[in-house]
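Okay, structure first, notes after.
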Amino acid sequence: MHFAMMCNMPVMTRLYTVREVGEVLRRSPFSVRRHISQGSLKAIKLPHGQLRIAEYDLRSFLDEGGDGDR
């Protein structure tokens, strides 16, 4: 069995840009960045500083009541 499956981690996931998450939440990219800096939304920082949000982190944020207005 693959290690990621044993750890209940996704093997592959879609990564969203800050703008795409903003569209899902109907909020500005600034609001999305604020949630990331406050720690309520997890993000991955790429080598040149771009941020990406994994699909499972976006789902967790939404499941916890994250609607962009917290």
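I'm checking my understanding of the structure. Among residues of segment 31-63 that are acidic (Asp, Glu) and touching a residue at least 12 places away in the same chain (Cβ under 8 Å), which one is farthest from residue 14 (Cα to Cα)?
Applying the filter and picking the extreme gives 57.
Which members of segment 17-56 meet the condition of being among the β-branched types (Val, Ile, Thr), in a helix (DSSP H, G or I) and open to solvent by less than 70 Å² (accessible area, probe 1.4 Å)?
18, 21, 32, 36
The values are calculated or read from the model by the stated rules, or taken from the named source; none is laboratory data. Being a predicted model, the structure only gives us computed values, none of them experimental. So basically every Cβ, Gly included, is an ideal-geometry build from the backbone, and we count neighbours across all protein chains shown. Areas reflect the complete protein model, heavy atoms only, side chains present, ligands, DNA and RNA absent. Shrake-Rupley method; radii C 1.70, N 1.55, O 1.52, S 1.80 Å.
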